[in-house]
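Heads up: the structure comes next, in structure tokens.
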Amino acid sequence: YSHTVACVSPLQVYIDESMRTLQYACSAGSIRNRPAVKLDPQQQLIVQLRQEVHHLKQQVQQLQHELHLSKSRLSEIGHESPMSSTAPMSRFSSATSLAPSSPS
């Protein structure tokens with residue numbers, strides 16, 4: 001917090017100066033400062049790149065987790081499904097047997 005000391009006079013002669021002092025004290029009291037760390041451009045770039053690397057590592061970890069979940073769901077579906085891994089091949093071979101044969 002900041003404190004301001006304003007000296008005013010009760011005399012009518014100094015009323016204008018006292019009013020200006022009080023107005024200044026009110027306006028100075030509304031000023032809010034935010035401290036900021038000043039880094040040189042190279043240090044600022046290093047901090048920014050480290051944040052980006054951290055963010056990208058989190059994305060990779062999340063995507064690896066999603067990939068693992070997808071693989072486990074696919075393996076569950078593969079084990080529970082009545083069609084085995086040879087089912088697509090059998091469908092393909094039956095489709096080719098239906099194709100008209102060309103005269104030799």
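The values are calculated or read from the model by the stated rules, or taken from the named source; none is laboratory data. What you are looking at is a predicted structure, and each value in this text was computed from that prediction instead of being measured. Cβ placement follows ideal geometry from the backbone for every residue including glycine, while neighbour counts extend to all protein chains displayed. Surface accessibility is based on the protein's heavy atoms, side chains included, excluding ligands, DNA and RNA. Shrake-Rupley method; radii C 1.70, N 1.55, O 1.52, S 1.80 Å.
Loop-located trypsin sites (Lys or Arg not before Pro) in the stretch 13-59 (DSSP state other than H, G, I, E, B) with a sparse environment of at most 16 neighbouring Cβ atoms within 10 Å: R32, K38. With the whole protein complex present, S30 retains an accessible surface near 80 Å², based on a 1.4 Å probe.
For the pair L63 and S9 in one chain, pulling the backbone fully straight at 0.36 nm per residue adds 12.4 nm over the alpha carbon distance.
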